[in-house]
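Visitor: I have a structure I would like to understand better, so I am pasting it below and will then ask my questions one at a time.
Every number here is computed from the coordinates shown, using simple stated rules; none is lab data. What you see is a predicted model, and the numbers here were worked out from it, not measured in a lab. With ideal geometry, Cβ positions are generated from the backbone for all residues, glycine too; neighbour counts draw on all protein chains shown.
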Amino acid sequence: MGDAVIEGSNWRLVEVGRVVVINGDHPFSGRLATIVEIIDHKRVLVDGPSSNPNLAVPRQAVPLSKVLLSSLSVEGLNRGSRTGAVRKLWEESKIDAKWVETNWAKKRDQIERRKGLTDFDRFKVLRLKKQRRFEERKALAKIKASA
């Protein structure tokens, strides 16, 4: 018989220390927190001690339907840890810096910046995209001609 290969899934699991983004119609929508305790199969206790006040979340119970699991996690966090311990491990794990580097955060930032554009700013973006596309096509044609 052949050997069976057993691999763990790459799925983001609901676990203590997992960093989540609160979404939906929650008052702290768009902010980061970490799971401190799993209350039941529908709710978790979260705490978000981010140094950035726009991302901080006070300790509270949140339904799992209102959170999105990220790939980040706070290593070494024990169940039911208090806010001070969570803050210390959050800073040791450098979650704020890691979050800023994720594509998810970059895309959210881009969406927010585009929401604030005026009509003339949108026109300038359109012109810049056209210029970039023209330069890319010109370089591609040059490569094709030399080949």
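Visitor: Mind counting lysine pairs for me in the chain? Cα separation below 15 Å, and the two need to be 8 or more apart along the chain or on different chains.
Guide: Lysine pairs, 8 or more places apart or on different chains, close enough: 8.
Visitor: Size of the dipole of the chain about the Cα centre, Lys and Arg at +1 and Asp and Glu at -1 on the beta carbon, nothing else charged, in debye to 20?
Guide: 1160
Visitor: Another question about this same structure. In whole Hz, what ³J(HN,Hα) sequence does segment 79-91 give by Karplus (6.51, -1.76, 1.60; θ = phi - 60°), x for Gly and Pro?
Guide: Karplus-based 3J(HN,Hα) across segment 79-91 equals 4, x, 4, 7, 4, x, 5, 5, 4, 4, 5, 4, 6 Hz.
Visitor: OK, next. What are the ³J(HN,Hα) values, in whole Hz, obtained from phi via the Karplus relation 6.51 cos²θ - 1.76 cosθ + 1.60 with θ = phi - 60°, for each residue of segment 55-65 in sequence order, with x given for Gly and Pro?
Guide: 10, 6, 9, x, 5, 6, 8, 9, x, 5, 6
Visitor: Next up: If the chain between ALA85 and LYS130 were fully stretched, how many nm would it gain, using 0.36 nm times the residue separation less the Cα-Cα distance?
Guide: 11.1 nm
Visitor: So what is the relative contact order of the chain, in percent, for Cα pairs below 8 Å that sit 6 or more residues apart? List each step's numbers first, then the result.
Guide: Numbers: 183 pairs, mean separation 26.5, N = 147.
Answer for the chain is 18 percent.
Visitor: Here is a follow-up. Excluding THR83 itself, calculate the net charge of residues whose Cβ lies under 12 Å from the Cβ of THR83, where each Lys or Arg counts +1 and each Asp or Glu counts -1.
Guide: Taking every Cβ under 12 Å from that of THR83, the sum is +3.
Visitor: Exposed loop sites here are GluC sites (Glu not before Pro) in DSSP loop states with at most 16 other C-beta atoms within 10 Å. What is the longest stretch of the chain lacking them?
Guide: Of all site-free stretches, the longest is 76-147.
Visitor: Moving to a separate point now. Report, in whole Å, the centroid distance computed from the Cα atoms of segment 66-103 and segment 104-147.
Guide: If we compute the Cα centre of each part, the gap is 34 Å.
Visitor: Counting other beta carbons within 10 Å of each residue's own, what order do TRP11, TRP104, TRP90, TRP99 fall into, fewest first? Let's see the in-between values first.
Guide: Numbers: TRP11 6, TRP104 13, TRP90 24, TRP99 18.
Arranged by neighbour count, lowest to highest, TRP11, TRP104, TRP90, TRP99 become TRP11, TRP104, TRP99, TRP90.
Visitor: Another question, then. Relative to the longest principal Cα axis of the chain, at what angle does helix 119-146 sit, 0 to 90 degrees, rounded to 10?
Guide: With both axes taken from Cα atoms, the answer is about 70 degrees.
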